[in-house]
Structures are given as C-alpha cells and as structure tokens.
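Notes follow the structure.
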C-alpha cells in the first residue's frame, strides 16, 4: 500500500507511473472508508483524486501554495500532506475538519468553507510574494460551479493584472451542487466540446493565458499540463475536464444526490440515517408548490441550494418557470427578488444563514432602503444548524435585526412558521425575513395569528409574575422548560412570552412588565452581542428591572457538540435557575 507510506508530498514525487495509478485507487478507498462511516463531501473529492496527485507530483508544497475553492474537495490533499490517518483509521476521523485548515498543516493557508473565494485569496498570496521578491508558484483550484459567484469573477477579472506567476486550475465537472445555472456555462460547454479551441473563451476574454486538459482524471495528462505551467511568469488558467463522483457508480449517475452524503452502505448506497419524520425542507417545498399553483406571481429563488427548502429535481420541474436557481450568487439573488417584488411578483429567496451573511449590502441597499416586499427564508440559523466554523448559523440576528425597514420573524412552531410565511408572501408593505425553525418540527394546538402587520407585538403565552421569560424562536421550547423549573423552585409561575419579532421592541408590553416583575430573562438562539437580548436590556437600562441575557458568546466555534455548547453558555433550565436565584 503506497498511501500508508506517504507522509508528505515529497513521497508522492518518488512514485512512478504505475504506482500513481495504484495510489489513485487507494485514495478513493480511503475516501470511501471515511465518508461511508462519517459522511462528508463525496462527489467533489472523488472527482479530483488524479488532479491532486498531479499537483503534488509537479509542484512543491508548501513553498508552492495551493488554495482550494470552498475546500470541500481538499480531502486527498490532506491525505498527501501528512493527514492520511484521518481517512484510514476510524479512531482518527475527528483529527481533521472537512475543509482546509492552517491549524492542521503548513500546506493549508486558509480556513475556507464558502465558495468562489480561491482566486481572490490566492491572488493576494501571489502579490505578496512578488512584493517581497520571493519565488514559488501560487495555484488556485476552483470548480466550475463556483465560477457563478461574483467574487470568483472579480478575482478572474483582476488576475491578469498581477503580471507574475499565478495558476488557476478550473476543475470543470459540468456540475455545481445541483445543475449549473448561468450564461457562462454555455461557453464552458463549448470549450469542453472543442477541446479548448473555441474562438469564444471567457478566460482569454479576461486577459488570461489558457490551457485545456480533456482527460482531467488522467494523472499523466495532468502532470504534463502542470509541468508546462510550473514557474510560468504570467497568470494562466488550466481548464481540466473531470467527472464528479468518479469511481463510484452511484455517485457518477446521481451527481446532485452524492455531492454530500451522510454515512451509507457502500454496496447499496443506502443512507444509514433515516428521515425522522417531518422536516421543514419537505414541508416548505410542499407549501410553496401549492402557493405557486394558485398564484402565478409566486416565485421561489435559491442560490445553488435548492434542497435547502426541499426543491429536489422533480419538484423543480413541477414548479417550472416559477422556480429559479441563480447559481452560487446570493448577492444577485437578494437584489433579484427586490426587483421581482418591485414589479408585482411575490418572491421568496432562501439560503442558509452563513450564506445569507454574504448579502448584507444587498439586503440593506437593494432591498430595505427601497422597501420592497420580498420574503427571505433564513435556514439553519441556529445552534442546531451546521457546526463547521465556516458554516455557523448564529450570527444572523445581529446582522439582520439591525437593518432598518426589515421585519425579521422568529416562529416557534410549524403552524406559526407557515402563518408568518403566508402573511409575508401576501403583504405588500415590508421586506420580511423568516427564521426557519431548526430544532425539529414542533406543533401547537393553540391558535396562531394570521396577520403580522401590526409590528413588534409580542405574545404572552403564560401569565405569571416576578420573572418574565422572553424566549425567541428555537429557544421557545427551552423557555417552557425554564418556566417550569422556576415554578418548581419558587412556587410562583413566571410569565412566558413569545417575542416573534426579532427586529423591534413591544415597548407597551415591556413597560407593563414593570408592574409585577423584577426580573426578565431573554433566550436567543444566536450570538448575544448586537442581538435580541441586548435590545431588551437597553430598554430596561434606566429602570430597576434585572435583565439576564442568554445566548451564545461571540466566538468562532468549530465542530461543536450542541449539548456541550448549551452547557458552556448556561443554556439549560438548571443552570439558568441557579444563575437567577
């Protein structure tokens, strides 16, 4: 076995042609070992095996610097740079993250989990090298799907002006997470079909030199290409045509489904994790499809993440022209729905909380200053969302709740969520964002409001005294538990409040609490600084009301365990009661 004896890229350089072929299979075997048991990004890594071997055979990492876009295709790179044990042995699976990470290795330069960034990041490395009078190659690796992101195009546009060595490897497998969307993909298709000779060439149009490799899963063809551009004195694009999921038939045949996978049976491809009943993804897609059928003005927009609200390929087909995937272009997506709303459509844009961070300017400038009634669905905005440091869903409340004109709603159960969503789509006064619940699908038998147009009216769900609990969104169920714990501890039932509105204060209710309450507890599923609780504390600042804010401290956390993070931040009924009394 060759992989077991590779401790650094220097060991890759010792392998002959036949050994490199064996190594490629060993890398796929190691990928399968980890991914079938732990899960992770499948298709991107299986497709770039040969390219990674060739890169490390030709170049001299870490003097030659690799920057992987998104870096979800960096698993083979990790194995060839001293981290193979994390793929070969289950007891070492947690030794590495799912993305490049400078804390793990000198061969990684950035902790990257968002797309379309590699060209810009790598161009900075190249410019700094030149300013210091140093040598070495800088290589940005970017997938075709990532090219639809504005930052990638900005980076490519600038790259030609660098003047020195800069190599951009475009890994083209004709696929994003789902299918690619955008006009540039017609040119990529033409380049693939003409083996790179098409007269129309988007890379050359940006002033870049260009080299095409049709056999992007052939190590020797890639080595030949990379040797041609090594130590080049100007920016060049090496366009390689690869197969996403190569080496596993199921992944080759269903590329969207195998972009990422939870643990699975290698023989059948069946996922071990079964669906636990209802999910907001399937519920949301069913609701929106029904709305579309009844009203042709309803249009759903996503940014290369259609299944984040359940729009699988069959449902996208069913929705037809009323479903739009703008590609990995969240900024465009938000501005686009502002334009749709301005001209009388009823648009809904959805993406994950960490990706919504990329749209701050568009939400503020293009949407909210103009006051257009578009709906934003913010997914995995929660401690219960994704836990990789690059995908944290805990910063949306400080970011979005402080933008004027935006109404940001936090439902506590399924019925309330769909009531808020329905109101948002049908109203024509406000830009509205709705935080999709992330702590499971909870139902209520209590009636929920259908109209949220009277802004910032909190809902008292349990009348009490002395202590008032404002439990926002996903933490409402925690609020119920805290209320019961306080009653048990003191014999007095507290007041429990569902705030519903993240973006404003119910000053009348908050003032009324002063009559028979001495303590207010706020619970929010997100970062405390700049968040909901601080607004409540500021309101009571000149009074005698004691305010306790509970949420998450401001920090970047990586691959956390929810139970540990809750306890660390005193987000349990027992710890809260101990703090208060």
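Readers should treat all values here as calculations from the given coordinates under stated rules, not as data from a laboratory. Quick caveat, the model's predicted, so the values are computed rather than measured. Because the Cβ atoms are built from the backbone with ideal geometry, glycine has one as well, and the counts that use them run over all protein chains shown.
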Worksheet, complete the sentence: Rounded to 0.05, the calculated FRET efficiency for the beta carbons of residue 581 and residue 405 at R₀ = 41 Å is 0.50
Worksheet item: How big is the convex hull of the Cα atoms of the range 530-581, per residue, in Å³?
Response: 83 Å³
Worksheet, complete the sentence: Most exposed first, judged by fewest Cβ atoms within 10 angstrom, 213, 119 run 213, 119
Response to the item:
The relative contact order of the chain, taking Cα pairs under 8 Å that sit 6 or more residues apart, comes to a percentage of 10 percent
Worksheet entry | FRET efficiency, 1/(1 + (r/R0)^6) with R0 22 Å, evaluated for residue 443 and residue 484 via beta carbons | 0.70
Worksheet item: Under the classification rounded if a/c is under 1.5, otherwise prolate if a/b is larger than b/c and oblate if not, where does the range 248-353 fall, given a ≥ b ≥ c as square roots of the Cα gyration tensor eigenvalues?
Response: prolate
Discussion item. Quick check: pseudo-label points 7 Å beyond the Cα along Cα→Cβ at residue 29 and residue 10, how many nm apart are they?
Written reply: 2.6 nm
Worksheet item: So how do 457, 83, 435, 129 line up by other beta-carbon neighbours within 10 Å, fewest first?
Response: 457, 129, 83, 435
Worksheet item: Going by the alpha-carbon gyration tensor, a ≥ b ≥ c the square roots of its eigenvalues, is the range 280-435 rounded (a/c under 1.5) or, if a/c is not under 1.5, prolate (a/b greater than b/c) versus oblate?
Response: rounded
Response to the item:
If the chain between residue 197 and residue 262 were fully extended at 0.36 nm per residue, the gain over the current Cα-Cα distance would be 19.4 nm
Worksheet entry | Anisotropy class of the range 443-581 from Cα gyration tensor, a/c 1.5 cut | rounded
Discussion item. Assuming 0.36 nm per residue, please report the length gained on full extension of the stretch residue 254 to residue 154 beyond their Cα-Cα distance.
Written reply: 32.9 nm
Fill in: Length released on extending from residue 272 to residue 17, taking residue separation times 0.36 nm less the Cα-Cα span
88.0 nm
Response to the item:
By Cβ neighbour count within 10 Å, fewest first, 69, 290, 474, 366 rank 290, 366, 474, 69
Discussion item. If R₀ is 56 angstrom, what is the calculated FRET efficiency for the pair residue 562 and residue 293, using the beta carbon separation as r and rounding to 0.05?
Written reply: 0.90
Worksheet item: At q = 0.12, 0.20 Å⁻¹, what log₁₀ I(q)/I(0) does a Debye calculation on the Cα points of the range 155-272 give, no solvent, two decimals?
Response: -0.53, -1.12
Worksheet item: How much of the calculated P(r) for the chain lies past 40 Å, in percent of all Cα pairs?
Response: 32 percent
Worksheet item: Label-point separation (nm) for residue 232 and residue 544, each offset 7 Å from Cα along Cα-to-Cβ?
Response: 7.5 nm
Worksheet, complete the sentence: What helix-only [θ] at 222 nm does the chain give? Using -39500 (n - 2.57) per DSSP H run of at least 4, over all residues, to the nearest 500, the answer is -10000 deg cm²/dmol
